[in-house]
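To keep things clear, I will list the structure first and then write my remarks on it.
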Amino acid sequence: MSTLSAAFKGDLGAFRLDAQFEAPLDGVTALFGPSGSGKTTVLRAIAGLEHLNGRCALGRLVWQDNIHFVPAHKRGIGYVFQEPSLFPHLSVRANLLYGNRRARGEKAITFDAVVELLKIWKLLDRAPERLSGGERQRVSLGRALLSQPRLLLLDEPMSALDRGAKEEILPYFETLHSALGLPMILVSHDISEVERLASHMLLMSMGSVVAGGPLNAMLTSDKLPFRHNRDAASVLTARVVAQAADGLAELDLEGQPLLVAAEAGPAGEAVRVRLMARDVSLAVEAPSRTTILNVLRADILAIEPLNGPDANVVLRIGGQQMLARVTQRSVAALGLAPGMPVFAQVKGVSLVTAPGA
Ligand SMILES: Nc1ncnc2c1ncn2[C@@H]1O[C@H](COP(=O)(O)OP(=O)(O)OP(=O)(O)O)[C@@H](O)[C@H]1O
C-alpha cells in the first residue's frame, strides 16, 4: 500500500523535533498528542512550509531528501488551518475559484461537486465577513479541495469553533474521505474527534511520534493510555445490511446483527461504529426480556483493574477488539476470566465515518 513516509529532525528555538512515521494513503490519519508535542510543526514540515532535516515522500513522489526540497507550492497539498483563511475582499465564489485557478493538471474535483458536497450554494455571493465561523471553515475547506490536492492537511480545523458550529461541520469532514477518496492528515488533540474521523492514528509526545497504527488497535492497546480514559471507546468496522422503517440501521458486525439509530448507506457498505466502554455491560448467560437491542457474543481477552472500583474488560468479537467498563465487584461476582465467552450488552452505539479503504 502506498504511504506518506517521513522523518524530520531539527530544533525550533528550545523545541526539538525528531519524528519518524508512515501514514497510509487510503484514509484519514490523525496526528494526535498534547498541546506543544509538535503536531503543527510536523504538518508544516510535510507541507514544505518548514524546512527541517530529513526526508518526506508521498508514495514514490519524493518531496524532501538529502538533495531535494520541493517547495510548498509545488507539492499539491491542500491545507486547512485552525482559523479560516479567506480573502476578505473576494466573494465566496471568487475565493473558491481562486483555489481552482491555482490547481495543477487535471481537475478531478469540480466546482459543482465541492459546492454540493459542502452545501454552500446559498453562500456563493456572500462576502466572508457575512459568514458564520462554521461556514467560513466550510468555504476554506472547499477552496483547499479545489486546488486539486494529492493530500489534504487539516490542522485542528474545528478548534476555533463553538460546540454548535463544530457539530454542524463535523458531518462534512466525515463524508469527505468517502466522497473524494483523498488521503488526509488531521491534527487534533480531541480524542472523540479522532474516533469520529480517523481510521489510523499517530501519537505524538515531546517532538516524537511514539506510536502509530490502525485506530482501534491504538484505542484498545494495553501499551497506550487510551483505554484508561474515562471516555474510553472502541471503533469497530461493520457492514450495512438494511435500513429499517423505524429509523434503525441493521448492520453486520463479524457475523452478528447490530442495530444503530442512524441513516446508513447502501447494503454491503462498510461503516465504522463507535462504542463507549462504559456503555458495554457483560452477562454470562444470554439476557432475555431486556430493552437492550444489541447483545453480542464475545470472548474475554484480558481483564485490567483500574484505579478505583472499575475494570476494563477487553473483548474479542471475530477479528476485532472491543472494550467494556464494568466494576471489579461484578468481575469477581461473575467469576469473569480471560478465555471466557460472554454476552456483551451494548447500550449505546453510534455510526461514525466509513473506513479508509
Ligand atoms: N518557529 C518556531 N520557533 C521556536 N519555537 C517554535 C517554532 N515553531 C514551534 N515552536 C515550538 O515548538 C513546540 C511545538 O509546537 P507545535 O505547534 O508543533 O505543537 P502542537 O502539538 O501542534 O501544539 P498545539 O496543539 O498547541 O497546536 C512548541 O513548544 C512551540 O512553541
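Computed from the coordinates by the stated procedures, all read-outs in this text should not be read as laboratory data. Just so you know, these numbers come straight off a predicted model, no measurement behind them. Cβ sites come from the backbone with ideal geometry, for glycine too, and all protein chains shown count toward neighbours.
How far apart, in nanometres, would the label points at ASP162 and GLU269 be if each is projected 7 angstrom from Cα along the Cα-to-Cβ direction?
The two pseudo-label positions are separated by 3.2 nm.
222 nm [θ] for the chain, helices only, -39500 (n - 2.57) per DSSP H run of 4+, per residue, to 500?
Values: 8 runs with 77 residues, N = 357.
Per the formula, -6000 deg cm²/dmol.
Which one of THR175, LEU259, HIS228 has its Cα pushed farthest toward the positive end of the charge dipole of the range 172-267, where Lys and Arg give +1 and Asp and Glu give -1 at the Cβ?
HIS228
Between the alpha-carbon centers of the range 203-256 and the range 307-357, tell me the distance in whole angstrom.
So the two Cα centres are separated by 12 Å.
To make sure I understand the rule: partners must be lysines, Cα under 19 Å from the Cα of LYS166, and not fewer than 8 residues away in the same chain. Which ones qualify?
LYS119
Please compute the length gained on full extension between THR290 and ARG130, using 0.36 nm multiplied by the number of residues separating them and subtracting their Cα-Cα distance.
Working: separation 160, 0.36 × 160 = 57.60 nm, distance 5.12 nm.
The span from THR290 to ARG130 would gain 52.5 nm if fully extended.
For the chain, what is one quarter of the convex hull surface built on the Cα atoms, given in nm²? List each step's numbers first, then the result.
Numbers: hull surface 81.2 nm².
Averaging across all directions leaves 20.3 nm² for the Cα convex hull.
Considering Cα pairs under 8 angstrom that are at least six residues apart, work out the relative contact order of the chain and quote it in whole percent. It would help to have the intermediate numbers written out before the result.
Values: 764 pairs, mean separation 59.4, N = 357.
For the chain, the relative contact order is 17 percent.
Suppose R0 equals 25 Å. What FRET efficiency, 1/(1 + (r/R0)^6) with r the Cβ-Cβ distance, do ALA14 and SER221 give to the nearest 0.05? It would help to have the intermediate numbers written out before the result.
Details: r = 31 Å, r/R0 = 1.25.
FRET efficiency, ALA14 to SER221: 0.20.
Using R₀ = 30 Å, calculate the FRET efficiency as 1/(1 + (r/R₀)^6) where r is the Cβ-Cβ separation of SER178 and LEU259; round to 0.05. Before the final figure, lay out the partial values.
On the way: r = 22 Å, r/R0 = 0.73.
Here the calculated transfer efficiency is 0.85.
Using only Cα atoms, find the angle between the long axis of helix 163-180 and the longest principal axis of the chain, and express it within 0 to 90 degrees, rounded to the nearest 10.
80 degrees
Based only on the alpha carbon positions, what is the Kirkwood hydrodynamic radius of the range 47-89, in angstrom?
Values: mean 1/r = 0.0832 Å⁻¹.
Mean inverse Cα-Cα distance, inverted, gives 12.0 Å.
How many nm separate the modelled label positions at GLU83 and HIS51, each set 7 Å beyond the Cα in the direction of the Cβ?
Label at GLU83, label at HIS51, 2.7 nm between them.
Cross-link candidates for LYS223: which lysines have Cα within less than 28 Å, leaving aside residues fewer than 8 places away along the same chain?
Filter leaves LYS9, LYS39, LYS347.
Between ASP299 and GLN243, what's the calculated FRET efficiency when r is the beta-carbon distance and R0 is 35 Å? Round to 0.05. Each step should come with its number before you reach the end.
Values: r = 30 Å, r/R0 = 0.87.
Once rounded, the FRET efficiency stands at 0.70.
Given 25 °C and 0.890 mPa s, how large is the Stokes-Einstein diffusion coefficient of the range 152-216 in µm²/s, with Rh as the Kirkwood radius over Cα pairs? Kindly include the intermediate steps, with their values, before the conclusion.
Numbers: Rh = 12.7 Å.
Calculated translational D: 193 µm²/s.
Using only Cα atoms, locate the centre of the range 1-52 and the centre of the range 270-285, then give the distance between them in Å, rounded to an integer.
Going from one Cα centre to the other spans 33 Å.
With +1 on each Lys and Arg Cβ and -1 on each Asp and Glu Cβ, and nothing else charged, work out how big the dipole of the range 135-206 is about its Cα centre, in Debye to the nearest 20. Before the final figure, lay out the partial values.
Numbers: 7 positive and 10 negative charges, 61 e Å.
Approximately 300 debye in magnitude.
Taking +1 at the Cβ of each Lys and Arg and -1 at the Cβ of each Asp and Glu, which of LEU61, GLN137, GLY247 sits farthest along the dipole of the chain towards its positive end, judged by Cα position relative to the Cα centre?
Of LEU61, GLN137, GLY247, it is LEU61.
With the crude spin-label approximation of a point 7 Å out along Cα→Cβ, what separation in nm comes out for HIS68 versus TRP121?
Distance between label points: 4.3 nm.
How big is the charge dipole of the chain about its Cα centre, in debye rounded to the nearest 20, if each Lys and Arg gets +1 on its Cβ and each Asp and Glu gets -1 on its Cβ?
On the way: 37 positive and 35 negative charges, 152 e Å.
With only Lys, Arg, Asp and Glu charged at Cβ, the dipole is about 740 debye.
What aspartates and glutamates does LYS122 reach when the alpha-carbon gap must be under 18 Å and sequence neighbours fewer than 8 apart in one chain are set aside?
LYS122 reaches ASP112, GLU135, GLU168.
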